[in-house]
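*Asks:* Shown below is the structure under consideration.
The values are calculated or read from the model by the stated rules, or taken from the named source; none is laboratory data. None of these values were measured; they are calculated from a predicted model. Ideal geometry is used to build each Cβ from the backbone, glycine not excepted, and the neighbour counts take in all protein chains shown. The accessibility values were calculated without ligands, DNA or RNA, using every heavy atom of the protein model including side chains. Shrake-Rupley method; radii C 1.70, N 1.55, O 1.52, S 1.80 Å.
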Amino acid sequence: MAQVSVEYLTRLEQGRDTRPSPEILAALANALRLDGDGRSHLRRLASVEHSQQLCEGRHPTASRTVRPEVRALLDALRDRPACLLNRLGDVLAWNEPFDRVARPLGLLDGDRPNLVWFVFADERARDHVPDWAELADQQVAELHRRRQGDPDTDAFAERLAATVGTAFASRWQRRPVAVQASGVRRLRHPEVGPLRLAYETLELADDGQRLLVHLPADAACAEALDRLLGRRPGALRSAAG
């Protein structure tokens, strides 16, 4: 279907050819009937070796610096749970609404909270997130997508794999397809019950940091967030979807 020889496909599968041409990638994507996310994932997989060569000798680290402008932006989002993450998933800063949502879940426990570590290493994550497997795939895909030749990511992955085993290690090896930067996440909140939160991911500068902003996805969630934040009913409007 791809008009590619079996011998060449075998070399690709065995890792004996790590630089397929764009034409070969397009032919394989067509034969596999990949959607947009799948095609992007295929391009990233094919460019791993090339990217590693380009980044040889370059060792950027995961930034933990929070710019004052970003802190001001978090504070300005008074009604929207929002937090700042770096490429390792460290939760670097957050606003009061996010604290009200996340602290009862256990995400903000400890001095250096980390979203990825919480998802895999804290059993409460499985209790609070009905779609835990999907969230786990998303976090691993994000780690892979944001790798820039830095030793921090690989060291973090090794520590997490040694701590939780195959739940993380198998995903790290499998390299899940990255999901959309926006969507809806379901939570079982211990204080206000079920929540459906729409999320948007905003990329910041070029240091791998991103702002994660949440909105109520329906009227019931808006009412629950009003109660959680101690606001009058109807203060939050739900997002469509």
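*Asks:* So Leu45 clears everything in (1) assigned to a loop (DSSP other than H, G, I, E, B); (2) modelled with pLDDT under 85 except one condition, right? Which one?
*Replies:* So Leu45 meets the others, but not (1).
*Asks:* Sticking with this structure for a sec: Any residue at all in the stretch 131-148 that's assigned to a helix (DSSP H, G or I), touching a Gly at 6+ places or on another chain (Cβ under 8 Å) and open to solvent by 50 Å² or more (accessible area, probe 1.4 Å)?
*Replies:* Within the stretch 131-148, none of the residues are assigned to a helix (DSSP H, G or I), touching a Gly at 6+ places or on another chain (Cβ under 8 Å) and open to solvent by 50 Å² or more (accessible area, probe 1.4 Å).
*Asks:* Any chance the stretch 198-207 includes a residue that's part of a strand (DSSP E or B), out of contact with any Ser or Thr (no Cβ under 9 Å at 6 or more places or on another chain) and aliphatic (A, V, I, L, M)?
*Replies:* Yes, the stretch 198-207 contains a residue that is part of a strand (DSSP E or B), out of contact with any Ser or Thr (no Cβ under 9 Å at 6 or more places or on another chain) and aliphatic (A, V, I, L, M).
*Asks:* What pairs come out if I take residues in the stretch 158-178 that are within 13 Å of Asp137 (Cα to Cα) and at pLDDT 95 or above and pair them with residues that are open to solvent by less than 30 Å² (accessible area, probe 1.4 Å) and not in a helix (DSSP H, G or I) whose C-beta lies under 9 Å away, six or more apart or interchain?
*Replies:* none
*Asks:* Write out, first by first residue and then by second, each pair whose Cβ atoms fall under 7 Å of each other, whose residues are 6+ apart or on separate chains, and whose first residue, in the stretch 19-33, is in contact (Cβ under 8 Å) with a residue 24 or more places away in the chain and loosely packed, with under 15 Cβ neighbours inside 10 Å while the second is outside any helix (DSSP H, G or I) and not small (Gly, Ala, Ser).
*Replies:* Within 7 Å, the pairs are Ala31/Met1.
*Asks:* Going residue by residue through the stretch 174-184, is there one that turns out to be assigned to a helix (DSSP H, G or I) and over 16 Å from the mean Cα position of the chain (by Cα)?
*Replies:* Within the stretch 174-184, none of the residues are assigned to a helix (DSSP H, G or I) and over 16 Å from the mean Cα position of the chain (by Cα).
*Asks:* Counting only residues that are assigned to a helix (DSSP H, G or I) and open to solvent by 50 Å² or more (accessible area, probe 1.4 Å), how many does the stretch 1-17 have?
*Replies:* Here the count works out to 5.
*Asks:* Return yes when Leu211 is in contact (Cβ under 8 Å) with a residue 60 or more places away in the chain, touching a Cys at 6+ places or on another chain (Cβ under 8 Å) and either in a helix (DSSP H, G or I) or surrounded by 17 or more Cβ atoms within 10 Å (Cβ to Cβ) (or both) and no when it is not.
*Replies:* Here the answer is yes, as Leu211 does meet what is asked.
*Asks:* Same structure again: State all residues of the stretch 95-130 that are surrounded by 15 or more Cβ atoms within 10 Å (Cβ to Cβ) and either in contact with a Ser or Thr (Cβ under 7 Å, 6 or more places away or on another chain) or small (Gly, Ala, Ser) (or both); if no residue qualifies, say none.
*Replies:* Of everything in the stretch 95-130, those that are surrounded by 15 or more Cβ atoms within 10 Å (Cβ to Cβ) and either in contact with a Ser or Thr (Cβ under 7 Å, 6 or more places away or on another chain) or small (Gly, Ala, Ser) (or both) turn out to be Ala102, Gly106, Ala121, Ala125.
*Asks:* If you scan the stretch 87-101, which residues turn out to be farther than 23 Å from Gly208 by Cα and of a type outside the set (D, E, K, R)?
*Replies:* The answer is Pro97, Val101.
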